[in-house]
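Note sheet for the following structure.
The values are calculated or read from the model by the stated rules, or taken from the named source; none is laboratory data. Everything quoted here is computed from the prediction, not taken from an experiment. When we count neighbours, we look across all protein chains shown, and the Cβ atoms used for this are built from the backbone with ideal geometry, even at glycine.
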Amino acid sequence: MDWREPSRSTDDKANVKNASNLSSLADKLRNDVRSLVIMVALIAGLILWFATLGLTDRVIYRGVDQAWFEPGRVHLKTEPSGHYTIERNADFAAMKVGCVYDLNYKAEFGRRQRADRQKTVRRATLVGC
């Protein structure tokens, strides 16, 4: 008497194949979701980085723009021309006419950003005189 392993029916083979396809599909979906979460986290980190550090323009300070008056704020004349305001603080008091400064201001995001928008200076760093 020969002992043989009973052969599986074609339905059983199809069920095993479908189960393995579903498990590989689940693994693929899990990897895709993980990649999506990582990408969203990186983009959020990049936006947070720019919001925290801001943008910097290198300009030559040409003095105070007398045409504007705001209490507690000073409008700056610069080369190249820009629309910069700075609070009357130690940074402003230390600024010298004719010197080159890096003016750091808050980054603004959006579609309707104009090149001539008002930029509020957070930090003025002397580069050279």
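Would a scan of region 65-77 turn up a residue that is of a type in the set (S, T, N, Q) and in a strand (DSSP E or B)? Taking every residue of region 65-77 in turn, none turns out to be of a type in the set (S, T, N, Q) and in a strand (DSSP E or B).
Can you find even one residue in region 69-87 that is closer than 22 Å to Asp102 by Cα, surrounded by 10 or more Cβ atoms within 10 Å (Cβ to Cβ), of a type outside the set (A, V, I, L, M) and not assigned by TED's automatic domain parsing to the domain that holds Leu103? No: zero hits. Inside region 76-91, residues that are in contact with a helix residue (DSSP H, G or I) (Cβ under 8 Å, 6 or more places away or on another chain) and without any contact (Cβ under 8 Å) to a residue 24 or more places away in the chain make up a count of 0.
Only a single item in (1) surrounded by 11 or more Cβ atoms within 10 Å (Cβ to Cβ); (2) of a type in the set (A, V, I, L, M); (3) modelled with pLDDT under 85 is not met by Val59, and it is number (3). Per the listing Phe109, Phe92, the residue uniquely outside any strand (DSSP E or B) and modelled with pLDDT of 85 or more is Phe92. Would you check if Val64 is of a type in the set (A, V, I, L, M), over 16 Å from Lys106 (Cα atoms), surrounded by 10 or more Cβ atoms within 10 Å (Cβ to Cβ) and not assigned by TED's automatic domain parsing to the domain that holds Ala107? Spelling it out, it is not the case that Val64 is of a type in the set (A, V, I, L, M), over 16 Å from Lys106 (Cα atoms), surrounded by 10 or more Cβ atoms within 10 Å (Cβ to Cβ) and not assigned by TED's automatic domain parsing to the domain that holds Ala107. Applying the criterion of being over 24 Å from the mean Cα position of the chain (by Cα) and surrounded by 12 or more Cβ atoms within 10 Å (Cβ to Cβ) to the residues of region 95-106, the residue that is modelled with the lowest pLDDT is Met95. Return yes or no: is Asp32 at negative phi, charged (D, E, K, R) and touching a Ser or Thr at 6+ places or on another chain (Cβ under 8 Å)? No: the conditions fail for Asp32.
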